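J.: Below is the structure I would like to discuss, written out as structure tokens.
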Amino acid sequence: MTNISITPVTKSRITEVDFDNLGFGKIFSDHMFVADYYDGAWHDYRIVPLEKMSIHPANMALHYGQSIFEGLKASKDKDGTPMLFRPEKNIERLNRSAVRMCMPEFPLEDLLEAMKTLVLMEKEWIPTAVGSSLYLRPFMFATDEYLGVAASTTYRLMILACPSGVYYSKPIKLLAEDHYVRAVKGGVGEAKTAGNYAASLYPAKLAREKGFDQILWLDGIYNKYVQEVGTMNIFFVLKDKVMTPAEDGAILKGVTRNSLMKILKSRGIEVVEKLISIDEVIDEYNKGNLIEIFGAGTAAVVTNVSSMTYKDITISFDESNWELSNNLKNTINQLRNGEIEDTFDFTMRIEETVAI
Ligand SMILES: Cc1ncc(COP(=O)(O)O)c(C=O)c1O
């Protein structure tokens, strides 16, 4: 483990923050973690005051999109100890994204230490209201200054920390998109890379203009199999089981998806991962078997779906049926706040032993 050098702010900005109106991803804590990759290794681990940085106009990330990120949450246990939720999962995914995008992996233990040190420094920034948390955004991007299409030889990794509230404050209306696609098998859909999100913006804008909140993406080949929502994986609750699209190389392997499947299985609820066609979803609804649909993601936690539209068919769901999703949402929030015992070993307490 390389040492992390620390330069604290001379004056915290925390008193300027309205913790009752945090929103999501708009407010940044005092410090950030930074590391640079050159000569084939990561160097110069440092936590410094959050500040703007200057970038050369030929920065390769701007031109060719070598840019990946993660999102995870820090919260506080009942006794006020900061905790992270399954951070190794995010680090492993960051490294898988890095491999796919021809970028260097970051040593898992080092990144974990960086997250813990930053969270301990920023522990006063961890909000405690239900559903709120300190959202950590680790990200990596190319830093070579060159206009040829090639993989950069230098990179920067940073971690930002944002005290954040609830991402979706109300249930969402989904549009199953039958023209635009998010990702295809063999592409970069499984990587958490900037371009996937850029590709989603225009179709999402069109969907919003039609009165929908989010797109439910269908597969890129047949335009038929359900994949995921903009920032969430998707679950369908049937009378006798729960189904979610199988990981097919094009959807993001969500940490929340994985956690919810473990929780459901521990309760004896059958969870089926499979190819799910949009016709099957509508068919199950028409047969009266589909009780609810919900999205699952770090930022979104568990988000209720009030309706789903595909071409000229709309299926609607009533609040009185959102029993399982609301229960799962509470379970995740309670695990994050240490209100219930973590029998899954999802949470990692950050004791003060981390050197800061
Ligand atoms: C496209 C996409 N799918 C799914 C998810 C859910 O993944 P996770 O539960 O790891 O946050 C996210 C959020 O990160 C996402 O951006």
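J.: Restricting the search to segment 305-324, which residues are more than 24 Å from the chain's Cα centre (by Cα), polar (S, T, N, Q) and open to solvent by less than 60 Å² (accessible area, probe 1.4 Å)?
T.: Thr309
J.: Every residue in segment 53-77 that is in a loop (DSSP other than H, G, I, E, B) and under 24 Å from the mean Cα position of the chain (by Cα), please. Steps first, answer last, please.
T.: Of the residues in segment 53-77, the ones in a loop (DSSP other than H, G, I, E, B) are 53-58, 65-66, 70-71, 77.
Listed by number, the residues that qualify are Gly65, Gln66, Glu70, Gly71, Asp77.
J.: Under the condition of being more than 14 Å from the ligand (Cβ to nearest atom) and assigned to a strand (DSSP E or B), which residue from segment 173-202 is surrounded by the fewest Cβ atoms within 10 Å (Cβ to Cβ)?
T.: Within segment 173-202, the match that is surrounded by the fewest Cβ atoms within 10 Å (Cβ to Cβ) is Lys173.
J.: Residues that are away from the ligand (no atom under 13 Å from the Cβ) and of a type in the set (A, V, I, L, M, F, W, C): find the strands (runs of 3 or more DSSP E) completely inside segment 207-299 holding 1 or more of those.
T.: Numbers: elements: 214-218, 226-229, 233-238, 242-245, 271-274, 290-297.
Fully inside segment 207-299 and qualifying: 214-218, 233-238, 242-245, 271-274, 290-297.
J.: Considering each residue of segment 148-172, count those that are closer than 30 Å to Val130 by Cα and outside any strand (DSSP E or B), and give that number.
T.: 7
J.: Still on this structure: Looking at (1) more than 16 Å from the ligand (Cβ to nearest atom); (2) at pLDDT below 95, can you tell me which one Gly148 breaks?
T.: (2)
J.: Let me ask something else about it. Six or more apart or on different chains, Cβ atoms under 8 Å: show the pairs whose first residue is in segment 171-197 and at positive phi and whose second is surrounded by fewer than 20 Cβ atoms within 10 Å (Cβ to Cβ).
T.: Gly186/Gly249
J.: Exactly one of these conditions fails for Lys26: (1) open to solvent by 70 Å² or more (accessible area, probe 1.4 Å); (2) more than 18 Å from the chain's Cα centre (by Cα). Give me its number.
T.: (2)
J.: Just checking, which of Lys116, Lys89 is over 17 Å from Val188 (Cα atoms), assigned to a helix (DSSP H, G or I), among the basic types (Lys, Arg) and away from the ligand (no atom under 16 Å from the Cβ)? Before you say what the answer is, go through the steps one by one.
T.: Numbers: Lys89 fails: away from the ligand (no atom under 16 Å from the Cβ).
Just one listed residue meets the conditions, Lys116.
J.: Could you please tell me which pairs satisfy a Cβ distance under 9 Å, a separation of 6+ or placement on different chains, a first residue in segment 242-254 that is among the polar types (S, T, N, Q), and a second residue that is within 11 Å of the ligand (Cβ to nearest atom) and part of a strand (DSSP E or B)?
T.: Within 9 Å, the pairs are Thr244/Asn233; Thr244/Ile234; Thr244/Ala296.
J.: Kindly indicate whether Lys265 is more than 18 Å from Leu72 (Cα to Cα) and in contact (Cβ under 8 Å) with a residue 40 or more places away in the chain.
T.: Working: more than 18 Å from Leu72 (Cα to Cα): yes; in contact (Cβ under 8 Å) with a residue 40 or more places away in the chain: no.
No; evaluated as a whole, the condition is false for this residue.
J.: Hey, another quick one. Answer yes if at least one residue in segment 70-90 is in contact (Cβ under 8 Å) with a residue 12 or more places away in the chain, of a type in the set (Val, Ile, Thr) and open to solvent by 10 Å² or more (accessible area, probe 1.4 Å), and no otherwise.
T.: Checked against the condition, which is being in contact (Cβ under 8 Å) with a residue 12 or more places away in the chain, of a type in the set (Val, Ile, Thr) and open to solvent by 10 Å² or more (accessible area, probe 1.4 Å), segment 70-90 yields at least one hit.
J.: While we're looking at this one, here's another question. Could you list, in sequence order, the residues of segment 307-355 that are farther than 13 Å from Lys76 by Cα and in contact with a Pro (Cβ under 9 Å, 6 or more places away or on another chain)?
T.: Result: Ser307, Phe317, Glu319, Trp322.
J.: Could you check segment 325-349 and list, in sequence order, the residues that are exposed (fewer than 14 other Cβ atoms within 10 Å of the Cβ) and within 16 Å of the ligand (Cβ to nearest atom)?
T.: Result: Phe344, single match.
J.: Identify all residues within segment 160-170 that are in contact (Cβ under 8 Å) with a residue 40 or more places away in the chain and of a type in the set (Gly, Ala, Ser); write none if there are none.
T.: Once the filter is applied, which keeps residues that are in contact (Cβ under 8 Å) with a residue 40 or more places away in the chain and of a type in the set (Gly, Ala, Ser), segment 160-170 yields Ala161, Ser164, Gly165.
J.: Looking at (1) surrounded by 19 or more Cβ atoms within 10 Å (Cβ to Cβ); (2) at pLDDT below 95, which is the one condition that is false for Val354?
T.: It is condition (1) that Val354 fails.
The values are calculated or read from the model by the stated rules, or taken from the named source; none is laboratory data. Bear in mind the structure is a predicted one, so any value in this text is a computation, not a measurement. A quick note on method: Cβ atoms are made from the backbone with ideal geometry, for glycine too, and the neighbour counts reach across all protein chains shown. Quick note on the areas: whole protein, heavy atoms, side chains included, nothing else; ligands and nucleic acids left out. Shrake-Rupley method; radii C 1.70, N 1.55, O 1.52, S 1.80 Å.
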